[in-house]
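For reference, the structure is listed below as structure tokens.
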Amino acid sequence: MKAILTVVGQDKPGIIAGVSTMLAGHNVNIEDISQTIMQGNFTMIMAVDLAGADIPLADLVGECGSLGKALGVEIHLQHEEIFKTMHSI
């Protein structure tokens, strides 16, 4: 299963490291990544493959939320089809 992970918040060291470490810890493969910093605001979008994940999507969504709070950013994980549908309007 493919999913889209988004991260938005004030830029600070460790955001990419924290997110990628958490994903690797659950055997989630990062297939594509785009990130930018605009006037101190960090934004990142990752396309990830959950085929090898060791936890269900719902649990991973919860971990993303917890990690986001710890890092001081908003992290959202959605099934790829939901993301595409939301952004095709």
Q | Scope segment 12-46; condition touching an Asp or Glu at 6+ places or on another chain (Cβ under 8 Å) and in a helix (DSSP H, G or I); matching residues | A | MET22
Q: Search segment 6-19 for residues that are under 15 Å from MET38 (Cα atoms) and pair each with any residue that is in a loop (DSSP other than H, G, I, E, B) and open to solvent by less than 60 Å² (accessible area, probe 1.4 Å) when their beta-carbon atoms are under 7 Å apart and the residues are at least 6 apart or on different chains.
A: GLY9/GLY72; GLN10/GLY40; GLN10/GLY72; ASP11/GLY40; LYS12/GLY72
Q | Complete set of residues in segment 67-89 that are open to solvent by 30 Å² or more (accessible area, probe 1.4 Å), at pLDDT 95 or above and within 11 Å of the chain's Cα centre (by Cα) | A | LEU67, GLU74, HIS76
Q: Can you give me the number of residues within segment 34-66 that are of a type outside the set (S, T, N, Q), under 12 Å from the mean Cα position of the chain (by Cα) and open to solvent by 80 Å² or more (accessible area, probe 1.4 Å)?
A: 1
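The values are calculated or read from the model by the stated rules, or taken from the named source; none is laboratory data. Being a predicted model, the structure only gives us computed values, none of them experimental. As a convention, Cβ positions derive from the backbone with ideal geometry for all residues, glycine included, and neighbour counts pool all protein chains shown. Accessible surface areas use protein heavy atoms only, side chains included; no ligands, DNA or RNA. Shrake-Rupley method; radii C 1.70, N 1.55, O 1.52, S 1.80 Å.
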